[in-house]
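Nothing in this text is a laboratory measurement; each read-out follows from the coordinates by a stated rule. This one's a predicted model, so the numbers in the text were calculated from it and none came from an experiment. With ideal geometry, Cβ positions are generated from the backbone for all residues, glycine too; neighbour counts draw on all protein chains shown.
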Amino acid sequence: MTAFFTDTGTDMMLTRRDAAAAEVTQTLVRMKLENASRPRSITGAQRLPGISNYFIGNDPKKWRTDVPHYAGVKYEGVYPGIDLVWYGNQRLLEYDFVLRPGADPQQIRWLTRAWSR
């Protein structure tokens, strides 16, 4: 699976390989929160050791160095008093909603679509 986190939702490309039939099936799953606000901030959650460097192309201005690694992604304020945190767990992608006192969990509604090819 490859996951793409944007300010409006999360897209996941799921790939299944059938070696016996030499077939590859891909499914795009798009998850978006219904009636959610754009997050006040999107930040890395739980910094991990190590960094990455991306030297792509010939223009040093486009290179990225010392890029930190994180165990998750935190969307702050997707609903009043509610944050969303995505993280990996044993090769699975999971999420938690973090509610502050007084926040209404009834606001949370997922819109999910999937396409296969």
(request) Sort Arg100, Arg30 so that the residue with the fewest other Cβ atoms within 10 Å of its own Cβ comes first and the one with the most comes last. (result) Arg100, Arg30
(message) Can you give me the long-range amide H partners of Leu33? Hydrogens built in the peptide plane at 1.01 Å from N, cutoff under 5 Å, separation of 5 or more residues or another chain.
(response) Leu111
(request) State the extension gain, in nm to one decimal, for the chain segment bounded by Leu28 and Tyr54, taking 0.36 nm per residue of separation less the distance between their alpha-carbons. (result) 6.7 nm
(request) Please give every one of the lysines within straight-line cross-link reach of Lys32, meaning a C-alpha to C-alpha distance under 17 Å, and leave out same-chain neighbours fewer than 8 residues apart. (result) Lys74
(message) Test of understanding: in a Gaussian network model of the chain with alpha carbons linked when under 10 Å, which of Tyr95, Tyr54, Tyr75 would top the mean-square fluctuation ranking?
(response) Tyr54
(message) If I build a Gaussian network model for the chain, linking alpha-carbon pairs within less than 10 angstrom, which residue out of Ala103, Ala20, Ala71 has the largest mean-square fluctuation?
(response) Ala20
(request) Quick one: what are the phi-derived ³J(HN,Hα) couplings along the stretch 42-51, Karplus 6.51/-1.76/1.60 with θ = phi - 60°, whole Hz, x for glycine and proline? (result) 10, 9, x, 10, 6, 4, 9, x, x, 9
(message) Can you compute 3J(HN,Hα) from phi for each residue in the stretch 100-117, using the Karplus curve 6.51 cos²θ - 1.76 cosθ + 1.60 with θ = phi - 60°, rounded to whole Hz and x for Gly and Pro?
(response) 7, x, x, 6, 9, x, 5, 5, 6, 8, 8, 10, 10, 10, 9, 10, 10, 8
